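Beneath this line is the structure, given in structure tokens, with notes to follow.
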Amino acid sequence: MRLLFALILAAALTGCGFQLRGTLSGNLPYKSMYIALPETADVRIWLERYINAAGSTEIVDDAKLADGTFQQLSDSRLKTILSVNAQGRVREYRLQLNYRFQVVNAKGQVVMPANEINLSRDITFDDSNILAKDLEEGLLWRDMNNDLVNQIMRRLSIVKPKNPDLEEDE
């Protein structure tokens, strides 16, 4: 009886399109993609991993051969003072990451307009534990990079690219 119930539950979840948040749908609307970033850029490395894991899109080395070219428009990372104590020493910092990107086709026409992702994390600071706080800051930047690439992948898979060859009556 339990086995039958488990099979019915599994069939119902599969049939309704249920999918864990961490898994990628693999339905990127591009058959091939070029990433216009240096090979050592963290965003490029993680994007390539995620796209390869999705399996439906091939990463090419030439923008002319790609259905879509991922272009970074801006990437700014700021560390600002959030609060100070009575002696004027920093107690908290805010880490901010602002990233803009777009996707163009082989002709240079925009197929996915500019998207902006803004992330921020707050971190406490203690001048008696400088080394530990530096390591914590590094981990927060890495976590923000991971979150950034996850959001980029979700936007690439959800947003349907507009066809630049079609004229819009606006």
Q.
Every residue in region 1-52 that is more than 26 Å from Lys64 (Cβ to Cβ), of a type in the set (Gly, Ala, Ser) and at pLDDT below 80, please.
A. Ala11, Ala12, Gly15, Gly17, Gly22, Ser25
Q) Can you find a residue in region 60-82 that is more than 17 Å from the chain's Cα centre (by Cα), surrounded by 12 or more Cβ atoms within 10 Å (Cβ to Cβ), modelled with pLDDT of 90 or more and closer than 26 Å to Lys107 by Cα? A) yes
Q: Could you grab the pairs with beta carbons closer than 7 Å, sequence gap of 6+ or different chains, first residue in region 128-146 and without any contact (Cβ under 8 Å) to a residue 24 or more places away in the chain, second one among the aromatic types (Phe, Trp, Tyr)?
A: Lys133/Phe125
Q. Residues of region 60-103 being among the acidic types (Asp, Glu) and closer than 18 Å to Asn150 by Cβ, which ones?
A. Asp75
Q) If you go through region 102-119 one residue at a time, how many are assigned to a strand (DSSP E or B) and exposed (fewer than 13 other Cβ atoms within 10 Å of the Cβ)? A) 4
Q: Could you look through region 32-59, keep only residues that are of a type in the set (D, E, K, R) and farther than 17 Å from Asn146 by Cβ, and pick out the one that is surrounded by the fewest Cβ atoms within 10 Å (Cβ to Cβ)?
A: Glu39
Q. Does at least one position in region 130-151 carry a residue that is polar (S, T, N, Q), modelled with pLDDT under 95 and over 27 Å from Arg44 (Cα atoms)?
A. no
Q) When residues of region 121-157 are filtered for being surrounded by 13 or more Cβ atoms within 10 Å (Cβ to Cβ) and farther than 30 Å from Asp67 by Cβ, how many remain? A) 10
Q: Residues being part of a loop (DSSP other than H, G, I, E, B), under 15 Å from the mean Cα position of the chain (by Cα) and closer than 19 Å to Tyr99 by Cα: count how many of those fall in region 27-59.
A: 2
Q. Looking at region 65-91, which of its residues are among the hydrophobic types (A, V, I, L, M, F, W, C), touching a residue at least 24 places away in the same chain (Cβ under 8 Å) and not in a strand (DSSP E or B)?
A. Leu65, Ala66
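The values are calculated or read from the model by the stated rules, or taken from the named source; none is laboratory data. From a predicted model like this one, the values you see are computed outputs, not experimental measurements. In this analysis, Cβ positions are derived from the backbone assuming ideal geometry, glycine residues included, and neighbour counts consider all displayed protein chains.
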